[in-house]
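Report on the structure given below.
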Amino acid sequence: MSMSPTESRSPVSDPVEAVDLVDLADLQPFSVWGTDVRARKLEGELVTLAVVELAPGAVVPEHRHRNEQLGMCLRGSVTFTLDGQTRVLGPGGTWRIRSERPHRVVAGPDGAEVIDVFSPTRDDWDFPFEERTTPRWPG
């Protein structure tokens, strides 16, 4: 989607001030599990959409949360462990995590970009924003 010369894009750094239509590049990144796992999020009243970039070999340690989580691998690969079941997922691979289910992720040798959707919103994701960078996806 291209913008007309009279349109302007303004960065979104505060989710409270987020607009309804925004480009991924205008959402400020933040580190979730150290600098090897960075995300950009868009929040509604009941749901959080996140595009997550995982560096090669990045580890998201086993954890659980009250939020249901749906996701899909966009690029690269992840080794996903959910309730003791492990599977390598590449582009198009999906996951469904019900509330309070233990899960762990390890990015493949080329890293990964994934989409995660959480409900209710991730109100525990109150991380400081980092310097704006170009997202790796859609690249």
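The values are calculated or read from the model by the stated rules, or taken from the named source; none is laboratory data. Only a predicted model underlies this, so the values are computations on that prediction, with no experimental measurement involved. Cβ placement follows ideal geometry from the backbone for every residue including glycine, while neighbour counts extend to all protein chains displayed.
Laid out as a table, the results:
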read-out: Elements of type strands (runs of 3 or more DSSP E) contained in region 54-120, each with 1 or more residues being under 15 Å from the mean Cα position of the chain (by Cα) and of a type in the set (S, T, Y); value: 68-82, 94-97, 103-119
read-out: Single unsatisfied condition, L21 versus (1) out of contact with any Asp or Glu (no Cβ under 8 Å at 6 or more places or on another chain); (2) buried (at least 17 other Cβ atoms within 10 Å of the Cβ); value: (2)
read-out: Residue check for A50: surrounded by fewer than 18 Cβ atoms within 10 Å (Cβ to Cβ), of a type outside the set (K, R) and closer than 15 Å to V37 by Cβ; value: no
read-out: Sole residue being of a type in the set (D, E) and surrounded by 14 or more Cβ atoms within 10 Å (Cβ to Cβ), chosen from D116, D83, D110, D124; value: D116
read-out: Count of region 121-132 residues which are over 14 Å from the mean Cα position of the chain (by Cα) and of a type in the set (K, R); value: 1
read-out: Candidate set: region 93-107, residues that are surrounded by 13 or more Cβ atoms within 10 Å (Cβ to Cβ) and among the charged types (D, E, K, R); chosen: the one farthest from V37 (Cα to Cα); value: R101
read-out: Qualifying positions in region 121-130 - in contact (Cβ under 8 Å) with a residue 12 or more places away in the chain, over 21 Å from M72 (Cα atoms) and either in a loop (DSSP other than H, G, I, E, B) or in contact with a His (Cβ under 7 Å, 6 or more places away or on another chain) (or both); value: D124, F127, P128, E130
read-out: Qualifying positions in region 25-46 - surrounded by fewer than 15 Cβ atoms within 10 Å (Cβ to Cβ) and within 11 Å of the chain's Cα centre (by Cα); value: S31
read-out: Region 14-49, residues that are modelled with pLDDT of 90 or more, among the hydrophobic types (A, V, I, L, M, F, W, C) and touching a strand residue (DSSP E or B) at 6+ places or on another chain (Cβ under 8 Å); value: V22, L24, L27, F30, V32, W33, V37, A39, L42, L46, V47, L49
read-out: Test for R136: is it basic (K, R), in contact (Cβ under 8 Å) with a residue 24 or more places away in the chain, in a strand (DSSP E or B) and surrounded by fewer than 18 Cβ atoms within 10 Å (Cβ to Cβ); value: no
